[in-house]
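I have placed the structure first, in the form of structure tokens, so that the comments after it can refer back to it.
The values are calculated or read from the model by the stated rules, or taken from the named source; none is laboratory data. Just so it is clear, the structure is predicted and the values come from calculations on it, not from any experiment. Positions of Cβ are generated from backbone atoms using ideal geometry, with glycine treated the same way; all protein chains shown enter the neighbour counts. Each accessible area value is taken on the protein alone, full model and side chains, heavy atoms only, with ligands, DNA and RNA left out. Shrake-Rupley method; radii C 1.70, N 1.55, O 1.52, S 1.80 Å.
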Amino acid sequence: MQPEFTSGDRIKVVLCTDEHDPVPAGATGTVTHWNPRPLLRQLGVAWDAPHDHRRLKLTLTDGGDRVTRI
């Protein structure tokens with residue numbers, strides 16, 4: 001089975017649900033880490049400028065963050 005994401009994949013944010021300081025829709029970055037566990041599908045991202053100072057990981061669950069590959 002092919003992993004959903006691998007390090008080096010390029011992504012674009014569709015929706016970030018972080019309640020305090022979300023990464024805006026349209027922000028792009030490179031996948032650094034992918035944790036595919038069913039209850040905590042977490043994506044580590046090296047964000048592109050102007051968000052490159054961010055360290056926010058995305059949690060891809062039902063009703064959570066959403067991204068697309070670019």
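Here are the numbers for this structure:
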read-out	value
Checklist (1) open to solvent by less than 50 Å² (accessible area, probe 1.4 Å); (2) touching an Asp or Glu at 6+ places or on another chain (Cβ under 8 Å) applied to Pro36, failing item	(1)
Options Val31, Val23: the member that is assigned to a loop (DSSP other than H, G, I, E, B) and β-branched (Val, Ile, Thr)	Val23
Unique match (being crowded, with 16+ Cβ neighbours inside 10 Å and touching an Asp or Glu at 6+ places or on another chain (Cβ under 9 Å)) among Leu15, Leu58	Leu58
One residue from Val45, Val23 being open to solvent by less than 40 Å² (accessible area, probe 1.4 Å) and modelled with pLDDT under 95	Val23
Close pairs from the range 33-45: first within 14 Å of Thr6 (Cβ to Cβ), partner of a type outside the set (Gly, Ala, Ser) and open to solvent by 40 Å² or more (accessible area, probe 1.4 Å), Cβ under 6 Å, at least 6 apart	Asn35/Gln42; Gly44/Thr32; Gly44/His33; Gly44/Lys57
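Here's the yes/no breakdown for (1) of a type in the set (Gly, Ala, Ser); (2) in contact with a Cys (Cβ under 7 Å, 6 or more places away or on another chain):
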{"residue": "Val14", "(1), (2)": "no, no"}
{"residue": "Asp18", "(1), (2)": "no, no"}
{"residue": "Trp34", "(1), (2)": "no, no"}
{"residue": "Ala49", "(1), (2)": "yes, no"}
{"residue": "His53", "(1), (2)": "no, no"}
{"residue": "Leu58", "(1), (2)": "no, yes"}
